[in-house]
Amino acid sequence: TNVDKAGYKHFMAKEIAEQPAVIQNAITKYLDEAGTGLNWPETLPDFSQVDRLTMVACGTASYACFTAKYWFERIARLPVEVDIASEFRYREPPVTPRTAALFVSQSGETADTLAALRYVRDKADHVISVVNVPESSIARESDTALPIHAGVEVGVASTKAFTCQLTVLFLLALKAAHDRDQITTEQLQDHLATLRALPGQINDALTLSDALRDIAHDLSDASDVLFLGRGLMYPLALEGALKLKEISYIHAEAYASGELKHGPIALVDPTVPVVVMAPRDSLFDKTVSNMQEVIARSGRVILITDAQGRDEAAEDVWHSLALPTVPEVLTPILYAIPAQLLAYHTAIAKGTDVDQPRNLAKSVTVE
Ligand code: G6P
């Protein structure tokens with residue numbers, strides 16, 4: 001590729017830093033000139049004619065789908081099924097009439113995702129893809145391909161592609177909500193206004209890199225780490241754990257906070273740090289009470305929250321971090337930043353190959 005590190009030590013660092021600009025770019029591409037309305041290819045379906053959305057992907061892209069499920073279900077009241085491509089393709093899932101299928105892939109070439117697309121091709125009403133490479137196989141074989149406009153991503157661990165996938169999926173959920181009369185034009189404009197403010201808030205989140213480096217220094221001694229989150233933060237916890245294991249080789253597992261008592265709490269002791277992702281949202285008190293259960297068992301908590309959350313709940317934690325306050329629906333895009341930076345700085349502390357982690361490939365084009 002003809003991209004370089006532009007002065008950064010690693011492609012991953014550069015790609016993390018680029019996020020305010022590329023997210024801005026992705027937003028602009030799907031808004032009208034005034035920035036107050038949506039601008040989609042004509043080929044997209046009218047979502048009032050769609051009864052179910054099936055989303056399929058692998059790896060980080062699958063966590064973008066799990067996040068988007070909350071948006072499509074909560075904002076657009078559209079039932080969503082999410083599956084990983086390697087399972088979906090062999091299960092022969094029935095595809096009911098009025099199903100739209102949506103495939104998310106940075107490369108657009110992942111073998112399992114492409115095979116899943118080919119399976120639904122003649123069964124679904126409409127095949128949509130969300131890709132970073134517009135000329136890719138997955139893009140070419142869909143009815144509508146929506147580029148995420150993230151620019152070339154070189155680091156094997158996906159960063160900017162993930163947040164741009166989320167941005168495009170959020171905008172698509174707004175279209176679905178509007179098509180299905182779940183939000184008014186005014187509410188749509190309010191959502192778009194808050195989204196337009198997000199790149200600036202992501203910029204602010206990036207200034208927490210030094211604080212995350214200090215936390216990562218302490219984290220790098222661990223051999224196991226737990227990530228907890230609820231609601232929109234659950235897929236983010238999965239993504240945080242994936243990032244950490246991919247590049248630092250520390251074993252990391254994510255759980256929905258409410259599942260803590262059904263198993264993972266047995267692991268909690270002072271040697272297993274627990275990363276809790278909890279903006280001061282509608283589920284905050286629930287997550288905090290799970291966090292207290294960890295602390296009561298001498299677990300060391302890294303609390304990633306906002307200023308109010310830190311005021312209310314950070315007293316007994318090991319480390320805490322306060323991000324800018326954003327509307328609840330947008331928290332996954334913002335909270336991806338500390339998840340990425342924590343993994344990045346932990347990998348640096350351990351001296352691993354950040355851009356080319358062992359045994360992993362950027363694009364998995366064989367099964
Ligand atoms: C590989 C990469 C991951 C990526 C996954 C899916 O495992 O290492 O970063 O999330 O493939 O790739 P895709 O190109 O389909 O998004």
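Every number in this text was worked out from the coordinates using simple rules, so none of it is lab data. Values in this document were obtained by computation on a predicted structure and should not be read as measured data. Neighbour counts run over all protein chains shown; Cβ positions are idealised from the backbone, glycine included.
Express in nm, to one decimal, how much length is gained between GLU315 and LYS350 on full extension, taking 0.36 nm for each residue of separation and deducting their alpha carbon distance.
Values: separation 35, 0.36 × 35 = 12.60 nm, distance 2.90 nm.
Residue separation times 0.36 nm, minus the Cα-Cα distance, leaves 9.7 nm.
Multiplying the residue separation of LEU267 and ARG121 by 0.36 nm and subtracting their alpha-carbon distance yields 48.2 nm. Length, then width, then depth: along the principal axes, the Cα atoms of segment 211-367 run 44, 33, 32 Å.
How would you rank LEU360, LEU38, going from fewest to most other Cβ atoms within 10 Å of each one's own Cβ?
Details: LEU360 12, LEU38 15.
In order of increasing Cβ crowding within 10 Å: LEU360, LEU38.
Under the 0.36 nm per residue contour assumption, what length would be gained going from the current alpha-carbon distance of VAL95 and SER48 to full extension? Can you show the working numbers first?
Working: separation 47, 0.36 × 47 = 16.92 nm, distance 1.79 nm.
15.1 nm is the gain from fully extending VAL95 to SER48.
Axis angle, to the nearest 10 degrees, between helix 331-350 and the longest C-alpha principal axis of the chain: 50 degrees.
ARG74 to VAL3: FRET efficiency via 1/(1 + (r/R0)^6), r the Cβ-Cβ distance, R0 35 Å, to the nearest 0.05?
On the way: r = 37 Å, r/R0 = 1.05.
It comes to 0.40.
Each peptide among 177-187, 236-246, 276-286 gets the average number of other Cβ atoms lying within 10 Å of its residues, and from highest to lowest they stand as 236-246, 276-286, 177-187.
With a simple spin-label model that places each label point 7 Å from the Cα along the Cα-to-Cβ direction, the separation between LEU360 and ASP181 comes to 4.6 nm. Mind putting together the pair-distance distribution for the chain? All Cα pairs, 20 Å bins, whole percent per bin, short to long. Computed distribution, short to long bins: 31, 59, 10.
Just to confirm the filter: which GluC sites (Glu not before Pro) across segment 1-75 are DSSP coil and have at most 14 other Cβ within 10 angstrom of their Cβ? Listed in order of number, the matching sites are GLU33, GLU42.
Using Cα centres only, tell me the gap between segment 104-169 and segment 315-345 in whole Å. Distance between centres, Cα-based: 26 Å. The angle separating the long axis of helix 185-206 from the principal Cα axis of greatest extent in the chain is about 40 degrees.
Label positions at THR207 and THR194, each projected 7 Å from the Cα along the C-beta direction, are separated by 2.3 nm. Taking 7 Å steps out from each Cα toward its Cβ at SER220 and GLU328 produces label points 3.8 nm apart. The convex hull built on the alpha-carbon positions of segment 150-265 has an orientation-averaged projected area of 9.6 nm². Computed from the alpha carbon atoms alone, the convex hull of segment 274-314 holds 54 Å³ per residue. Summarising the strand pairing of the chain, around 5 percent of its internal DSSP beta bridges are antiparallel. Which entries in the list LYS69/LYS286; LYS5/LYS175; LYS69/LYS160; LYS29/LYS123; LYS160/LYS245; LYS261/LYS362 go over 25 Å, if you measure between the two C-alpha atoms of each? Pairs exceeding the cut-off: LYS5/LYS175; LYS29/LYS123; LYS261/LYS362.
Estimated from helices alone, the mean residue ellipticity of the chain at 222 nm is -14000 deg cm²/dmol (sum of -39500 (n - 2.57) over DSSP H runs with n ≥ 4, per residue). By the beta-carbon count within 10 Å of each Cβ, the least crowded to most crowded order of THR43, THR54, fewest first, is THR43, THR54.
By the count of other C-beta atoms within 10 Å, a proxy for reagent exposure, VAL274, VAL130 are ordered fewest to most as VAL274, VAL130.
Principal-axis analysis of the Cα atoms of the chain puts helix 59-74 at an angle of about 70° to the longest axis.
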